[in-house]
Each structure stands twice: as structure tokens, then as C-alpha cells.
Amino acid sequence: MAAKYLNEKQVAEITGLSVKTLQRWRLFGEGPEWKKFGTAVRYPADALETWIESAPRGGCLQIRFDQNK
């Protein structure tokens, strides 16, 4: 089965990030895995899902909550 690839706009919509943020992250080697096909940047859907699942949850609210225990 062929891998499914998403473009920047699709990834931005899924993650709630801006396209500019995704572009900046690529420049600095951060963010989800991506591939380049000619001039087209594409994100493997399965790698994006893995990246989303590995993202920290809760942020500072979780830290504050844990400190009150």
C-alpha cells in the first residue's frame, strides 16, 4: 500500500499550527518528519500521527496541578 502524504496546509489545519511555523521548524530541523519531492514539501501521514501522539500533554496547567499535590 502506498504511503499517504499531506501538504503544509493540511498539516497546519490538522495541528492548528500556521504554515509559517511549519516552515520555520523545517528550517531549524524541528517538528514532524517531512520529505521533499522536487519543490513540493510533504509530510507522511503516519509520521505526523506518531509525532502528534508523542507531543507533551497538559503544558503548564499540568505542572501547576502536579505542584498542588
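The values are calculated or read from the model by the stated rules, or taken from the named source; none is laboratory data. Worth saying up front: this structure is predicted, and the values here are computed from it rather than measured. Surface areas here come from the heavy atoms of the whole protein model, side chains and all, with no ligands, DNA or RNA. Shrake-Rupley method; radii C 1.70, N 1.55, O 1.52, S 1.80 Å.
One table, with the values for the structure above:
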{"read-out": "Members of the stretch 29-56 that are of a type in the set (S, T, N, Q) and part of a loop (DSSP other than H, G, I, E, B)", "value": "T39"}
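Conditions (1) open to solvent by 50 Å² or more (accessible area, probe 1.4 Å); (2) hydroxyl-bearing (S, T, Y), marked per residue:
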| residue | (1), (2) |
| --- | --- |
| E13 | yes, no |
| S18 | yes, yes |
| W25 | yes, no |
| G29 | yes, no |
| E33 | yes, no |
| F37 | yes, no |
| R42 | yes, no |
| A47 | no, no |
| E53 | yes, no |
